[in-house]
Structures are given as C-alpha cells and as structure tokens.
4 protein chains.
Amino acid sequence: MKIHTHGKDLGRLLICCADQPGIIAAVSRFLFEQGANIVDSDQYTTDPHGGFFFMRVEFQLEELIPRLEPLRERFARIAVSFDMEWRITPAARKQRVAVFVSREDHCLREILWRWNIGELHADISMVISNHPDMEAIVAPFGIPYHHVPVSKESREQAADIHLELLNQAGIDTIILARYMQIIPARIIDRYRNQIINIHHSFLPAFVGGKPYHQAYERGVKIIGATAHYVTEELDQGPIIEQDVQRVSHRHHVEDLKRIGRDLERIVLARAVQWHLNDQVLVHGNKTIVFP
Amino acid sequence: MKIHTHGKDLGRLLICCADQPGIIAAVSRFLFEQGANIVDSDQYTTDPHGGFFFMRVEFQLEELIPRLEPLRERFARIAVSFDMEWRITPAARKQRVAVFVSREDHCLREILWRWNIGELHADISMVISNHPDMEAIVAPFGIPYHHVPVSKESREQAADIHLELLNQAGIDTIILARYMQIIPARIIDRYRNQIINIHHSFLPAFVGGKPYHQAYERGVKIIGATAHYVTEELDQGPIIEQDVQRVSHRHHVEDLKRIGRDLERIVLARAVQWHLNDQVLVHGNKTIVFP
Amino acid sequence: MKIHTHGKDLGRLLICCADQPGIIAAVSRFLFEQGANIVDSDQYTTDPHGGFFFMRVEFQLEELIPRLEPLRERFARIAVSFDMEWRITPAARKQRVAVFVSREDHCLREILWRWNIGELHADISMVISNHPDMEAIVAPFGIPYHHVPVSKESREQAADIHLELLNQAGIDTIILARYMQIIPARIIDRYRNQIINIHHSFLPAFVGGKPYHQAYERGVKIIGATAHYVTEELDQGPIIEQDVQRVSHRHHVEDLKRIGRDLERIVLARAVQWHLNDQVLVHGNKTIVFP
Amino acid sequence: MKIHTHGKDLGRLLICCADQPGIIAAVSRFLFEQGANIVDSDQYTTDPHGGFFFMRVEFQLEELIPRLEPLRERFARIAVSFDMEWRITPAARKQRVAVFVSREDHCLREILWRWNIGELHADISMVISNHPDMEAIVAPFGIPYHHVPVSKESREQAADIHLELLNQAGIDTIILARYMQIIPARIIDRYRNQIINIHHSFLPAFVGGKPYHQAYERGVKIIGATAHYVTEELDQGPIIEQDVQRVSHRHHVEDLKRIGRDLERIVLARAVQWHLNDQVLVHGNKTIVFP
C-alpha cells in the first residue's frame, strides 16, 4: 500500500518456486555480490513443509539499465538450480496500458486522474470503447480513443481489431474500467494475468449480471466491489483486492449503485497500482499481494 | 445501535401496513390522547408511491402495565381502519430465550457474558446442546443445561424433546450459537422469525458447510459473518446483521477460523440485542432494522 | 445515505425545539390536514426527560411551490405554540454553492464530478481560489473562476472581494475544498453553519497544520479525515462526517497524504450531499445527521 | 495477523541496526550454514538511504533448544560487525505474564478466554488488582489473584509489593487490562516496552481521563481504542494497534462505553498476541509490527 519509487537504478526481482532451504541465502548473496543493496524484501511460503515459495525484492544497483542483460544471465544460473519462475524488471520502466470502457465514466475518470497526478507509473496508450460516449473525457489527456462497436455478430471481428490495436502499441496491461462485454478467450490467453476487471459485487456473492439488484433482493447489510484478473470463467479469476461499505434497508438499487461507484473506483485503483508495481503474483487461482 | 432502556412505563408500538396518507397523524394523535409521550419514533416506507409502511414508536405512559389491555383494545380500532399488523409491548418485559450450542464455545460465552453484565434484556431460560461439553461453562450462571443427543435417526425424537422443553418454559426466542444441526421445519414454523442463527461467512457467499475452507480456496481478501432468521431454506433467511474483516494470502484456514470467531461473536450479539429490543421487522425475506 | 429525490411537489420541514408531549401529533395532523403525505420522517430527542427535540419530515403536497407561502403562514401558528425553530423548503430548490480551493485539486474534482453526474442537487455558481492553477479544471464546466490572491496584508481586502462575489451570486453554501486559508470571522458569521471544511485528520487528533506529518510522528495505525462546519475556533466546529483508513509503519508521510486524499474526497462529498439535502441540523457544537 | 506456531524446533531472530548493504545476505547465509530453514522473513528499512533496518526471521532448526547457546555465540560475531541489537528466542518458550485489572471485567475475561483456548502462547502467572472484585472470575482458571490496594499514600508501598510479586514469578510481560492506576516510573523502567496498556480512545484524541465523555462532548462520528506500550508520559507510549467503530448523534456516553468495550477487547487481544509472538519492534516512539 505504500508509494513505490521508480528511480532509474531501482530493480525488482520476482521469484516463484518450490520451497527448499537456502533460497533466500542464494538470492541475497547473489545481489550482494553484484553490488546491489536490498531496499525491500518480502517472501511468503504457502506451507513450510513442502509448499511454494514466493519472493519480491527491490534492490538498488548503480547503472542498472545497461547492466540489466548480464545481470539476468548471471541470475539465470541460480534460477535453474532452484527451478524458479522469475523476472527482473527495472522499476523505472513504465508498463503500456490500454483501458476498456463502456458507458459508465467513474472508473475511467479515476484511472485518468490518478495517472495524471503521477500516482500510476504507466503509459496509458489508448482507451478502447464499444461506445463513442467517453471520447470527450479522454481527449484532453491526449490519449487515442478507439471506438470499436461490438454486437453478438461482430464480436470476433471486434476482437481482431482489439488485438491489432493492442499489439501495435505493445500493450502490457489491460484495465476493464466497467467494460460490460465478454472478453474472448484468445485475448485472455494472450494477456494471461494482465487483464484487470472491476466487478461490482463482493465476489463470489452475486456473480453475473446486475449484482446491485441481486444484493438488494437478498437484503445484505454490506455491499462490495472486487478487482480480479480475467480468466475464461466469468467472475472466477484470481482476486486482487476487495472492499465493502455498510448499507441498510433504506437503500434502494439506485443508492447501492451510487455507493458502489465509490467502492469500484477505489478498489480498481488499488489493484491497478499494485499490478503496475509488480506487487502481485498469481498462484493457481489466488494472488499473493506484497505490501 | 444505541442502548435501549427498559423503564416500567416505557412501551413499544410496532406497525406494518400498506402505505397511505394519515398513518403517522393517526398514531401520534392516538398516543397523545392516551397521555403518552413519544420518546423515539422511526418509520420507513419501501416506496412513497404505493409501498409498504413500517413504524416503531417508543412511548412513555404512566401506569403502562395495568393499562396495557385497554390500550391495545383502543388501538385495535385504528389498526383495523389501516389494515395494520401491529403489536404493543412493554419494554420492561423480558423475552424468554433458549440458546442452542454444539461444541464451539465462543458465541455461547459471548451471549452469557453480555447477559450477565446486563447488556441483553432477557431471561436466558435454558441452554440446549447435542453434546455435554458446554455444561461446565453454563453451570455457574445457574441456567439449566439440557443435553439432547441428535443423530440422523433420532432427529425427530430430538425435535420432540426440544419442543417440549421450549413449550414448557414459554420460550420466545431461540439463539443458535454455532449449533451445527439442521432445525426441523416444525420448530422453524413454530418460532417463525424468532430463531437467530450465526453463519460463519458473508452470505450469500459460501453457503453450506465449511465456509472458511471455501473462502480460503477462493482467495477472498475479506471474510465475514452473518446473523439471520432461520427459514426452511438453509442459509437463506432474512439477514439481520453482517460484518467483515480484511485478510490476506498469509491467512490459512485456521487463521480465518480464528479471525472469524471474533466476527461471529460481535455480529450475533448485535443481532440478538436488536431482536430483543423489538428493533427488527421482517418483510418478505428482508429485515428492517430500526436504529 | 440514501438518494434523496427532488420532485417538484416534495417539501421538507425541519424543526428544533424543547421536547414536550404532542409535537409529533401536532405536526403530523397539520400535514395531514393540508393534504400532504409524509414520505419520510425522522426525529431525535437528546433526552426523553426535558431534552431537545429535532425533526425532519419529507412530505408530498400537490402544487407545493405556489402553496408554499400560505403553508408557512399556517405552520407558523403551531411553531409559536411549541417555541420552535423551523423551516419549510421545497426539495426541488437548488442551493447556490461557492467552492473555495487552493492548489490541491482532488477535492475540487470530486465535487465537480459528482455535481456533473447529478449526485449533488445544487448550482455551483463559482469557484474562488487564491491561486490561478485550477482554472483549467473548472473552465470546461462553464463555472466562473475567481482568482483572489490572499496575503497576510491583503486578507481583509480579499474578504471584501469574497463577500461581494458571494452576495452578488446569492450564495447559500460555501465548500472549502482544501482551501488552506483562514476564513475571516465576518464571513463565518454571515454563513453560520453553511461553510463546510474538509480537515485532513481524524479530529480532534492533529488539529492545526501538517496533520499527516503529525500522524506519521505519532505512529498511529489509522488515519482519518473530518468534514465540519467552520466556526471561529480553528478545526473546532461541529463535525458532520469522518472516515478512516488503516496504515502501518511502512507508510511514510507521502503515503499518508496519498491515502488521505481518497478519504478527504469521500468524506467531503458525503458531508456536502447531506448538507444540500437538509439532512444536517446543528445543536451546540454537534450535528444531528438524519439518514 | 496469522497464527504463529510454536513447534519445538522453531526459532525467531530479531534484528535492529543501521542499514547497510549485505545484512540480509549475511543473516541468511548464517542460518543456511547452521542447517536452519527460513520459514518466514520480514524486513523493513525506514529509509533506503541511511535509515534503520529491522528484520524478523522465523527458522526451523533441528534440536534447537540444546543448540541455542552455541547458535547465539556464533551469531554474536555477525551482530558485532553490523552493530546490531538482536535476540534469538525459541518459539516454544512461553512468556510469563501478569495481568493488572481494576473493576471492569471485559478485557480481563477476553484475555483469559483466549489464553484458555490456546490463542495466547503464554503462562498467565498472576492477576493483580487494586480491588477484590475480580477474584471470582480468575479463581476457576487456577491463576493466583493478588489484591493490592492502592491509594495516593500507599502508591510507593504498593509498587514495592508489585515488583516483589513480578520478580518472584519472573514475569516478562505486564498487561494492563483496564487498570485505572498510574504505573510508577521504576516499574516502567524495569519493564521497558513490556507493559501493554489499552486506552479507551483513538489516541492521540482524548488523552487523559473519561475519553468517552470527551468523545461525546466533541460529537465525533467514530470512536476508537488504542493499545500501546507504557512510558513515563501518560498515553504517549508507542502505539501497537488501534481500531474504530462508527457512532452517531444517537449514542449517549453509556452507548459509547458499551461499543467501546468491544473495541477495547479486540484491540488489546491483538496487541498482546503480536507482542507474545515477537512481532513487535519498538523504534523511538513508534512500533514496527510484522504481520
């Protein structure tokens, strides 16, 4: 939840492997020998007896950018011996982001505002929508706006256009800012654990459509919102963040929508920020979110 | 949420009817004419245009107890003209309560402690359990403890014993303080909207058994507990209160259970207190909880 | 917290007086006799034995606007007999609002966005700032922007300009959206309980300047924001709303500021909405906020 | 917040020193060379450029207990080279705890209950009170109860008795479970960062006496409780944990006390558990709480 800095000599190392003795010793010795100073380090083991091991290290290393490739090559030898999945990324590098939106503006505005004041370390390269409505909101930021209509018949054709746009711009991460359309499997597959959706309920309660209507019918005393990675199963992907707000019998569906908008904005913004700062690792259908 | 007093001259009037002009005027004039002073009054209309109307009034009336029957007779005339469901109860009257428990002690202890320090305005007349384990906890309070074993075969026989015990003691309200048994339909029917259960999840997420295991599997970032009235459909009754607590990937099932115990205690205690103070009205499958 | 409607025949009656029997009966009979239907009614008594009584009624009355003056005249007779402070306002009437801002944009943007989507039932008539920076944000909304520089020497002169601008536009309510200047006593006096400030701490903790620095120094585990009416005593006015967020030792001052921005936006927006819907009554140095 | 296990081969290493490159590498290599497996590791640096470094490691080492002294001797050499404050403790070791209480029972009961079900890994060696009232609560647990009356005149004499009792029993940690007496400086000094107090407000708001009365007077919309280490300055010690609850104008002082009791119980229990599991480090007047 803290601010992550993006100094030009700051690097991040993310690791996932089967747990065994000596991992931390090997990793920290490696970084020390390269002349790197560990600024932040978090690790998590699912089970001390034969579980999985996850680690995120932030380190300071002079002249990081030019030394990045040799650093990766040398670390690869350690990685092999522990059978690690891993990556080293420079914190200064900005991910390229596409925002998908339909007709509700609150999540889009929130993302744009936070990006504009420097809270989100990313390049927002485009906004894609199945409607033309949001163009006026996006235009002042100088971000390209692509209106790609989607109907049942044109879904595959739209996916072609989407993939073309995303590929051309070298997009890393997709934010579904209340984009009320199903994402085709081939886009999900291409952007595995890189598509963040905001669902307007406290999942797994009220999956599917009209969750505020469902919440009203059930008479819950608390509503929520959930940010998750998109998988092929609707509303079933790994949860990144959730938050809730108290409601009462006095709140009608329209009130729940209004209160929910505030939740959606905050929850999506948190999830996006963690994702952009490499704080989220996915394991099975769950996330490890390092603070 | 405030403390409700139980002075001997304090009465409560609860009303439910189709909304129409003049209800509040008629009720408040009636009370004024009887010499009663309105101490607190809450009302709620589901929809100003043709909805349902709910009202809860606390009033002070000298010599309330001896005047109760004539008061009810006189109010019945107003009630008829508006086609009301209603009741007038003296706040001083204590409901008679039975607590059902299995093998987990935290909800039982919470209820006994709050009752013992005077937070719960009730007579706890008995504790019923399918196990003998909790007797030592209950004994110091001088409350009868009935051990009624329940197996698949003996369920109906146990229900006979339960009903006999409840009837003999004139029980008004049943608290299921983590009583891990299905309640037979004839007891539910006899104690309609008078049986309060605590479910260890944020309903409607994770209905059924082992909700903390389900929550762990789904990787939620917040867990909850729900107090509700028991209906024939498992975990589907009207929700009285819910609360939640943030968790993370670091929490295993045992941690969720431990954190959940605190939620269960607090949520159940609130729901019971509101119920005992006549603050809860049921409409369809929802509750109106007056503050 | 619910949405309040602003239909043209919807009226609001607000009352404050010493408690005595018969007030609700008199008010509800009066409204019934005028042909009004009570849509919502809340009341609160500080102490059933000789305390103060507060009431807020929403009623539906055909042709409310043309009948407003005779209605007030008739009610005045009841008001006199109970020695009431009171007002009757049409819900459709929009208050005229001025927003004061300095150099932080988040609260201003939040107010403008909510107003723009129709959440705030008001006319935002002007934005006043001691800096020119926010003009570009305000311009697209077509709201006049007045840059009135303030220095120690020019404070009184600036107050003259402020009062002139406020008077000319017939302003009802002033929102201090992180306006980091002392408000002179004559403006506070002119707009008694009509100036809403957002303070970036959980008052009364950390009064005065740099509350996030103070919170960081003290090592609190939760930070907050407070919306309150402005009085002559700095940060001491009646509190309308507060909210909080959990933090940890990992959060530096900059993190607290970032987390605090979200709190400030939400808390200010709630307080403004309640104020605009006549849900807030002030009694001594406290508020009664009707839901 | 997770459950910490106390296996006989589980050890904990806590470190505090000026930050410099190579600390983690040195510590993890040391543990690896001793044959220990790191089960959990958290570290925190106040400032990557010349700040303080804190670390907490849980490790598994066969035959830990008999090997403890040689392990400490060997680690002392590393510690010297980094100028560390440090300790190694076996997780299985139970701290010896004294609970101080006056006339309110809720915090005492909470501690006893959690201890009784095994949530608190400690030996509760005695309860000390300035009143005889709580003896009946403590007796069934077989814990010695010492009634030591305290008056203005007898304060020093009482402190003598307290210190004698604490010393004889080898007490490590003192819990002030709503013990409404000033702790003399010589006891604070003897038990530096080992005395945990629960204060019934959201500190630093409402320091001193009768915080619920103060909160009521100020009209806050949220109340809180704070667990902190006791220092010579009243209510100014390092904060370990805080939590809050929403209240409204409807809540009188008695309601705030009632709601506050639940907060006090939960907040104190969390702080005690973290302290007993060596999760809390004190730096200046702040705590680092490792999750």
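With its label point defined 7 Å out from Cα along the Cα-to-Cβ axis, D:A185 lies at 4.3, 7.6, 7.6 nm from the matching points of the other copies, in increasing order. Placing a label point 7 Å from Cα along the Cα-to-Cβ axis, C:R103 is separated from the same position in the other copies by 4.3, 5.5, 6.5 nm, shortest listed first. Checking the Cα-Cα distances for B:K94/B:K286; C:K221/C:K257; C:K94/C:K286; B:K221/C:K257; B:K152/B:K257 against a 19 Å cut-off, the pairs over it are B:K94/B:K286; C:K94/C:K286; B:K221/C:K257; B:K152/B:K257. Applying Stokes-Einstein at 37 °C and 0.692 mPa s to the Kirkwood radius of segment D:130-212, computed over alpha-carbon pairs, gives a translational diffusion coefficient of 227 µm² s⁻¹.
If one computes the Cα centroid of segment C:211-247 and of segment D:124-150, what distance in Å separates the two points? If you average the Cα positions of each part, the centres end up 40 Å apart. Taking 19 Å as the straight-line reach from the Cα of A:K210, the aspartates and glutamates in range (excluding those fewer than 8 positions away in the same chain) are A:E104, A:D105, A:E233, A:D235, A:D243, A:E254, A:D255, A:D262, A:E264. Which residue fluctuates the most in chain C, going by a Gaussian network model with Cα springs under 10 Å, if the choices are C:E153, C:E217, C:E85? Looking only at C:E153, C:E217, C:E85, the biggest GNM fluctuation is shown by C:E153. Note: the protein assembly as shown, Cα convex hull, 203 Å³ per residue.
Averaged over its residues, how many other protein chain Cβ atoms are within 10 Å of peptide B:36-46's Cβ atoms? Kindly include the intermediate steps, with their values, before the conclusion.
Details: counts 2, 9, 10, 7, 5, 8, 5, 6, 6, 7, 3.
For peptide B:36-46, the averaged partner shielding equals 6.
What the Cα convex hull of segment A:10-90 gives, in volume per residue, is 74 Å³. What segment B:95-289 shows is 35 Å² of accessible area per residue, with the surface traced by a 1.4 Å probe over protein heavy atoms.
By Cβ position, the chain B residue that hugs the axis carrying B onto A most closely, with its distance in whole Å, is B:A205, 2. Of all DSSP-defined beta bridges confined to chain A, some 70% are antiparallel rather than parallel.
Springs join every pair of Cα atoms under 10 Å in this Gaussian network model of chain A, and among A:V230, A:V27, A:V80 the largest mean-square fluctuation is at A:V80. Over chain C, the hull volume per residue, using the convex hull of the C-alpha atoms, is 147 Å³. Measuring nothing but how far apart in sequence close Cα pairs (under 8 Å, 6+ apart) lie, relative to its length, segment A:123-168 scores a relative contact order of 34 percent.
Working from Cα pairs under 8 Å separated by at least six residues, relative contact order for chain D is 15 percent.
Sorted largest first by accessible area at a 1.4 angstrom probe radius, with every protein chain in place, the residues D:Y191, D:Y145 fall in the order D:Y145, D:Y191. When chains C and B come together, the accessible area they lose, probed at 1.4 Å and totalled over both chains, is close to 1600 Å².
Per residue, the average separation of C-alpha pairs within less than 8 Å and at least 6 apart gives segment C:10-90 a relative contact order of 48 percent.
Carbon and sulfur together cover what percent of the accessible area of chain B at a 1.4 Å probe radius?
51 percent
Averaged over the residues of peptide C:220-233, the number of Cβ atoms from other protein chains lying within 10 Å of each residue's Cβ is 3. Distances between copies of B:Q34, taken at a point 7 Å out from Cα along the Cα→Cβ vector and listed shortest first: 2.8, 7.6, 8.1 nm. In this view, the solvent-accessible surface of D:R67, computed with a 1.4 Å probe and all protein chains in place, comes to about 90 Å². Answer rounded, prolate or oblate for segment A:132-180, using the Cα gyration tensor with square roots of eigenvalues a ≥ b ≥ c: rounded when a/c is under 1.5, else prolate when a/b is larger than b/c, else oblate. Oblate, since a/c reaches 1.5 and b/c is not below a/b.
If you build a Gaussian network model of chain B, linking Cα atoms that sit under 10 Å apart, which residue out of B:I117, B:I259, B:I240 swings the most? Among B:I117, B:I259, B:I240, the largest GNM mean-square fluctuation belongs to B:I117. The mean count of C-beta atoms from other chains within 10 Å of the C-beta of residues in A:238-250, rounded to a whole number, is 5.
The values are calculated or read from the model by the stated rules, or taken from the named source; none is laboratory data. This is a predicted model, so every value here is computed, not measured. Cβ coordinates were reconstructed from backbone atoms using ideal geometry, including for glycine residues, and neighbour counts include every protein chain displayed. The protein model used for the area step is the full one, side chains on, heavy atoms only, and it has no ligands, DNA or RNA in it. Shrake-Rupley method; radii C 1.70, N 1.55, O 1.52, S 1.80 Å.
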